[in-house]
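In what follows, a structure is listed as structure tokens, so that the remarks can point back to it.
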Amino acid sequence: MQIIVGLGNPDAKYALTRHNAGWLALDNLIGSDNWRVEKKFNALSKENNGIIYIKPLTYMNNSGESVYKILQYYHLLAKKFGCLLKKEQNLQDILFVIQDDLDLPLGTWKLSHNSRSGGNKGIQSIINHLKTQNFTRLRLGIKTDALHQLLPADKFVLQKFKAEELKIFDETLKDGLQQLSAYINKN
């Protein structure tokens, strides 16, 4: 079983913001309709070809809560001494997280494994809840030279993509998602 999580924020006002790159990616990959509300995970979910797709409803900074509940529910977390999680377990071929990345320029992407959060609070929440950073991430670049330099990071990521930026993002997204799919199918 594999879980693909798109990070973002649930309110409509965040729909086309840079911080919702993960949600935009999942909508692009499997469509924006027919997502089920999963109260036990506090997330939206869809299943397709044995892969479970997740959009946490916890807001970005608490994404780890949903991810932990999902992995626990499907018994994908190794346990040590009863309910305590085994530290540094390898989830690289089970958990795939799609996120925005302020360190990568718009129009670029990168697959990462076993890496730190890079300041992304959603990723840090996942690392904290799972007690490991050993999972796979598709990092989608959102950095733009002009606006990024004028605003603090927490304000910049909540800005909506401009039309020309969204076009660049969508073109890059297709390539990134193809590479992620190839990685998933290989493992």
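General observations
- Placing +1 on the Cβ of every Lys and Arg and -1 on the Cβ of every Asp and Glu, with no other charges, gives segment 1-111 a dipole of roughly 440 debye about its Cα centre.
- Comparing Asn90, Ser115, Ile54 along the charge dipole axis of the chain, the residue lying farthest to the positive side is Asn90, per the Cβ-charge model.
- Trypsin sites (Lys or Arg not before Pro) restricted to segment 150-187 and DSSP loop, no more than 15 other C-beta within 10 Å: Lys162
- Where segment 1-102 is the region considered: accessible area per residue in Å², 1.4 Å probe: 47
- Rolled with a 1.4 Å probe across the full set of protein chains, the surface gives Tyr74 an accessible area near 70 Å².
- Taken about its Cα centre, the chain carries a charge dipole of roughly 680 debye when the Cβ of each Lys and Arg holds +1 and the Cβ of each Asp and Glu holds -1.
- Label zone of Ala15 (point 7 Å out along Cα→Cβ, amide N under 19 Å): in segment 44-79 this covers 44-45, 55-60.
- Distance violations [Cα-Cα > 21 Å] among Lys39/Lys160; Lys55/Lys160; Lys13/Lys160; Lys55/Lys162; Lys39/Lys186: Lys39/Lys160; Lys55/Lys162; Lys39/Lys186
- Computed from point charges on the beta carbon alone (+1 for Lys and Arg, -1 for Asp and Glu), the dipole magnitude for segment 93-187 about its Cα centre is near 280 Debye.
- Between helix 21-30 and the chain: long-axis angle, C-alpha atoms, 0 to 90°, nearest 10: 70
- At most 16 other Cβ within 10 Å, DSSP loop - trypsin sites (Lys or Arg not before Pro), segment 40-77: Lys40
The values are calculated or read from the model by the stated rules, or taken from the named source; none is laboratory data. Because the structure is predicted, anything quoted here is derived from the model rather than measured. Quick reminder, even Gly has a Cβ in these numbers, built from the backbone with ideal geometry, and neighbours come from all protein chains shown. Only protein heavy atoms, including side chains, enter the accessible area calculation; ligands, DNA and RNA are left aside. Shrake-Rupley method; radii C 1.70, N 1.55, O 1.52, S 1.80 Å.
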